[in-house]
């Protein structure tokens, strides 16, 4: 069989393959880069891993002068500050997402609002830190003192209240993860076909009922993914936290006490570390990268499952 | 404006198209104009839809039939920049009256859409959704409603063993019947159907058509359809729309056998549309 003359030969094929290999190289390089970073940290952490083993995670002693290293206070600080930040940011972020996805505002206003929220994400971390020092620290010191005075018997709330504390760091972290929560939740809400809104309205549902009973359940996996990714971001956040958390190596349960996180520990100590301390910090870095990577992978998996669910199955 | 409506109401009897006087009017459309932004999409519509019959709206795409249907439960008001002139009365009362609550109006009117839209919840929760939002949560009432509604759409036997499974696991035809069950579970008076079979295969379509004929004993049904066969099979009355105007409204058999207007004849014989 001969090919009819009017079908043009595929002349572009070699060039397209060239571009393709370029993309492949770029993609592989990203994976290699990540592998290289982890390998480097791991190699440098190895002496500390051999020396302290799992005890590193359960010990709350961090004394460079005696070469005693344990990151339990920082693990605690990282977990609590991130969790608290999420707790504070989730309701607010969800409310903003709803406000920006439903027709509360004319479209141009919505776009403007969305840009402003996204600008929160573009603000440098150190600016949040500075703002926190001048605004949040005095506030937390004052009101935290009042809370600790009256409700100090409740665990986590006992005084004395310091301005540079776990709670202050959580507040600023909440602000910093707000755009993540809003953007992903909004995307999940916008992806809901209008037929579901119409269906609910036609049955006599109010807007509130439509949101609570139809839209939020529908977008739930996306909102969960948003929360996980925000949590991951809060764990890794460094500068603003280092400026506000008080950098205490002691394990204290009160939210109004100075505390520390893994990332803030690294930022504060690395420049002056030597000997085994460097290895211990690398060990801490390894834990941090594993935690954030793990969180992000889980978040992405949930998000992908959501998109699959929204993409097919509902439309006949 | 108010004056205008009053005047028009007075002249109605001579203008309203009503195919026969022995049918009791339920929905009355009076000098109705509709605008989407600056564009007028409905022009001076006057007619009366009788109670407990099936009335079908036919006409080419963009003829305004869906727009009119969506005015009956004021769904168009979800869109920005729409306005209307004239009036629509259901059971003798204007639906645009200030005393009418839009939520209450929609609870009296069930609606079925082109694309089935069951909520991502269980079959059971889909059917009782309208009751739940009315705050009726008594278990016995809900159970009763689920069985009655699903039986009316001939879905009960197919799903009674998996009422608590996700509704999205049903087939296309089952989902659409579930949506009809949901639309009638709070016992509305009117059932609006906007091309309910356009996404279904012939077997599922036949089932829904049987259902429509069955349901008219209880409900006043208005159905928008692109299929003239469907209109002739299920409806008692047919209204033909073209370019936003009601061209002809009559008994279905008369529309399909002896239309008065040339446009109607051209459309039903497939010369355009």
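The values are calculated or read from the model by the stated rules, or taken from the named source; none is laboratory data. Quick caveat: nothing in here was measured; it's all calculated off a predicted structure. Note: ideal-geometry Cβ built from the backbone for every residue, glycine included; neighbour counts use all protein chains shown.
General remarks:
- Test for residue B:143: is it in a loop (DSSP other than H, G, I, E, B), away from chain A (no Cβ under 12 Å), surrounded by fewer than 21 Cβ atoms within 10 Å (Cβ to Cβ) and free of Cβ contacts under 8 Å to residues at least 60 places away in the same chain: no
- Scanning region B:92-106 for residues that are within 22 Å of residue A:210 (Cα to Cα) and touching a strand residue (DSSP E or B) at 6+ places or on another chain (Cβ under 6 Å) yields a total of 0.
- Looking across region B:92-110 at every residue that is within 13 Å of chain A (Cβ to nearest Cβ) and in a strand (DSSP E or B), the one that is surrounded by the most Cβ atoms within 10 Å (Cβ to Cβ) is identified as B:110.
- Failed criterion for residue B:189 (all others in (1) touching a helix residue (DSSP H, G or I) at 6+ places or on another chain (Cβ under 7 Å); (2) more than 20 Å from residue B:24 (Cβ to Cβ); (3) surrounded by fewer than 18 Cβ atoms within 10 Å (Cβ to Cβ) hold): (2)
- Verdict on residue B:113 being closer than 30 Å to residue B:167 by Cβ, within 14 Å of chain A (Cβ to nearest Cβ) and out of contact with any strand residue (DSSP E or B) (no Cβ under 6 Å at 6 or more places or on another chain): no
- Top-ranked residue of region A:185-196 - restricted to ones that are more than 8 Å from every other protein chain (Cβ to nearest Cβ) and in a helix (DSSP H, G or I), ranked as surrounded by the most Cβ atoms within 10 Å (Cβ to Cβ): A:185
- Subset of region A:97-128 (residues that are under 24 Å from residue B:77 (Cα atoms) and either part of a loop (DSSP other than H, G, I, E, B) or in contact (Cβ under 8 Å) with a residue 40 or more places away in the chain (or both)): A:97, A:98, A:100, A:101, A:102, A:103, A:104, A:105, A:106
- The listed residue being free of Cβ contacts under 8 Å to residues at least 40 places away in the same chain and more than 10 Å from every other protein chain (Cβ to nearest Cβ), out of B:86, B:135: B:135
- In region B:76-91, the residues that are outside any helix (DSSP H, G or I) and either closer than 18 Å to residue B:65 by Cβ or touching a strand residue (DSSP E or B) at 6+ places or on another chain (Cβ under 8 Å) (or both): B:79, B:81, B:82, B:83, B:84, B:85, B:86, B:87, B:88, B:89, B:90, B:91
Rundown of residues vs (1) more than 14 Å from chain B (Cβ to nearest Cβ); (2) in contact (Cβ under 8 Å) with a residue 40 or more places away in the chain; (3) under 18 Å from the mean Cα position of the chain (by Cα); (4) outside any helix (DSSP H, G or I), yes/no style:
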{"residue": "A:139", "(1), (2), (3), (4)": "yes, no, no, no"}
{"residue": "A:155", "(1), (2), (3), (4)": "yes, yes, no, yes"}
{"residue": "A:159", "(1), (2), (3), (4)": "yes, yes, no, yes"}
{"residue": "A:179", "(1), (2), (3), (4)": "yes, yes, yes, no"}
{"residue": "A:183", "(1), (2), (3), (4)": "yes, yes, yes, no"}
{"residue": "A:201", "(1), (2), (3), (4)": "no, no, no, no"}
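- Of all residues in region B:116-132, those being at the interface with chain A (Cβ under 7 Å from one of its Cβ atoms) and not in a loop (DSSP other than H, G, I, E, B) number 2.
- Considering the conditions (1) within 14 Å of chain A (Cβ to nearest Cβ); (2) more than 26 Å from residue B:105 (Cβ to Cβ); (3) within 14 Å of the chain's Cα centre (by Cα), residue B:196 is excluded by exactly one of them, (2).
- Only one entry in A:105, A:215 is modelled with pLDDT under 95 and more than 30 Å from residue B:190 (Cβ to Cβ), namely A:105.
- None of B:31, B:76 is within 14 Å of chain A (Cβ to nearest Cβ) and either at positive phi or crowded, with 19+ Cβ neighbours inside 10 Å (or both) except B:76.
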